[in-house]
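Working notes, structure below.
The values are calculated or read from the model by the stated rules, or taken from the named source; none is laboratory data. Note that this is a predicted model, so its numbers are computed, not measured. Glycine gets a Cβ as well: all are built from the backbone with ideal geometry, and neighbour counts include every protein chain shown.
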Amino acid sequence: MDKMRETIGVRKERAILVAAILQHQRDNDDLKELTALAESAGAIVVDRFQQKIHKINPPLYIGKGKVEQLAQRVKRFDADLVIFDNDLLTRQIRELEAIVPAKVIDRSELILDIFATGAKTAQAKLQVELAQLEYTYPRLARMWSHLDSVAGAGGATTAGAVGGIGTRGPGEQQLETDRRLVNKRITDLKRELEDIDKRRVREIDSRKGAFQICLVGYTNVGKSTLLNALTDADAYVEDRLFATLDTRTRKWQLEGGSEVLLSDTVGFIRNLPHQLVEAFKATLEEAITADLLLHVVDVSNPDAGKQIESVNKVLADIGCGEKQILLVLNKIDVVSGVNTMETLQTLYPDAIAVSAKTGYGLKPLLEAVIDKFHGGVITVKVTTSQANGKIQSFMHAYTTIISEKYTAANVIIKAQLGQNQLVNLKRLKPEKLEMLKK
């Protein structure tokens, strides 16, 4: 079988899924999540294979006897791809492929492939390319193993013709050339992303006068559908993992004329490749700077409780553990009987149950957001110059106007606003600010 590894990726391939579970670990999800990941990448899952192990087998990760069983299954199901739900070392993949007549990839490579096909904006494409190169770099020896036969061959030989003009010569030379090219490209990508990050920081800083809300949650829980339902946006929606990789921010009109910014972010997943965590810092920045997080949960998923734990862990890791978080139990239109939702409502009594698809529960969600937005309503009287458009725009966008009076040079505005917005108003430095009794 052709073992050439010139690219990483998944196409319409027949795949067998493998999971090795250490004895001290909790049981995994019976490969349901890896199945969804593989199908999102375009693979056809033909078999699943699990083994409990006392310790990792250094050469093969799982036992040699199990690898031989796996090789038999590959032949039986005519599979050409084996996907491990574990992260493998380069030498482990090489040893596995020496026994199993199929290409072997691990969980990280699968997720990177999904991100590569889903990236739409220039920034997302750069981030994914960087993550792939950082993953690929230590594996170059395996991916270019087909060039070993070139070593010492002249251009007139069959081996010498493998690479063609400009690539003939020792395979080791080609490997070192590839490493230099990859290193240079990684450096260039990091420089480009730094420039984009600086622009994003300026863009986020420009929103400091606005109340910012960020949708977070596990992948494929309906965040984009909820964004569309709340803001009449046209965000792309598809029932697959990682359908959204780019941050979208839309204006959301609350009752009383107040306006907030609502952002959708990339979905979380357990064991996200560390290369992607690093590469998507700019995307996670939306959550870090938000005033309120809406943690969206798919209650139709029996593993919703574990997914909540995974998201909370990531939020804590990026410094969002202490932020205001409102739990939103989505997809209640597709659950029935005694189910995960009832358990979650017991564990999280303040959670809001909604269906982003049908619109059910959006009004209670809006009311809960307004309550968080206000943080206690106060009445103020602001006196400012008629030429100060920033303060007037802020008052009209983020307060409920009670009265507005113009004098020769100034405008006097009496309004109600949330306690949370008072800091932003003070930052604009009005000529006179008075607190009034209701």
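Beta carbons closer than 8 Å, at least 6 apart along the sequence or on distinct chains, pair a first residue in segment 117-128 that is in a loop (DSSP other than H, G, I, E, B) with a second that is among the hydrophobic types (A, V, I, L, M, F, W, C) for Ala119/Val128; Ala119/Leu245; Lys120/Leu245. Check segment 357-364 and report whether any residue there is part of a loop (DSSP other than H, G, I, E, B), touching a residue at least 60 places away in the same chain (Cβ under 8 Å), in contact with an Asp or Glu (Cβ under 9 Å, 6 or more places away or on another chain) and buried (at least 17 other Cβ atoms within 10 Å of the Cβ). Yes, segment 357-364 has at least one match.
How many residues are under 15 Å from Gly267 (Cβ atoms) and not in a helix (DSSP H, G or I) if we restrict to segment 287-305? Full working, then the answer.
So the first thing to find is which residues in segment 287-305 are under 15 Å from Gly267 (Cβ atoms), and the list is 287, 293-298, 301, 303-304.
Cutting the leftovers down to not in a helix (DSSP H, G or I) gives us 293-298, 301, 303.
Residues flagged as under 15 Å from Gly267 (Cβ atoms) and not in a helix (DSSP H, G or I) within segment 287-305 amount to 8.
Annotation: Asp87 fulfils all but one of (1) in a helix (DSSP H, G or I); (2) within 21 Å of Tyr137 (Cβ to Cβ); the unmet one is (1).
Scanning segment 306-328 for residues that are closer than 26 Å to Glu367 by Cβ, in a helix (DSSP H, G or I) and over 14 Å from the mean Cα position of the chain (by Cα) returns a single hit, Ile308. Ser403 versus (1) farther than 24 Å from Gln253 by Cα; (2) at pLDDT 90 or above: which is the lone unmet condition? Ser403 satisfies every listed condition except (1). From the list Leu425, Leu433, the one residue that fits, being in a helix (DSSP H, G or I) and either of a type in the set (A, V, I, L, M) or surrounded by 12 or more Cβ atoms within 10 Å (Cβ to Cβ) (or both), is Leu425.
Residue-wise test of (1) in contact with a Leu (Cβ under 6 Å, 6 or more places away or on another chain); (2) part of a helix (DSSP H, G or I).
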residue: Lys372; (1), (2): yes, yes
residue: Ile378; (1), (2): no, no
residue: Ala408; (1), (2): no, no
residue: Leu417; (1), (2): no, no
residue: Asn420; (1), (2): no, yes
residue: Lys429; (1), (2): no, no
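Of the residues making up segment 90-112, those that are assigned to a helix (DSSP H, G or I), out of contact with any strand residue (DSSP E or B) (no Cβ under 7 Å at 6 or more places or on another chain), of a type outside the set (Gly, Ala, Ser) and under 12 Å from Val67 (Cα atoms) are Glu95, Ile99. Return yes or no: is Thr187 in the same structural domain as Lys125 (by TED's automatic domain parsing) and at pLDDT 80 or above? It is true that Thr187 is in the same structural domain as Lys125 (by TED's automatic domain parsing) and at pLDDT 80 or above. If the condition is being hydrophobic (A, V, I, L, M, F, W, C), surrounded by 14 or more Cβ atoms within 10 Å (Cβ to Cβ) and without any contact (Cβ under 8 Å) to a residue 60 or more places away in the chain, then segment 393-416 contributes Met395, Val411, Ile412, Ile413, Ala415. Six or more apart or on different chains, Cβ atoms under 8 Å: show the pairs whose first residue is in segment 294-319 and over 26 Å from Thr249 (Cα atoms) and whose second is in a helix (DSSP H, G or I) and acidic (Asp, Glu). Within 8 Å, the pairs are Asp303/Glu33. In segment 408-419, which residues are in contact with a strand residue (DSSP E or B) (Cβ under 9 Å, 6 or more places away or on another chain) and farther than 13 Å from Val380 by Cα? Hits for segment 408-419 are Ala409, Asn410, Val411.
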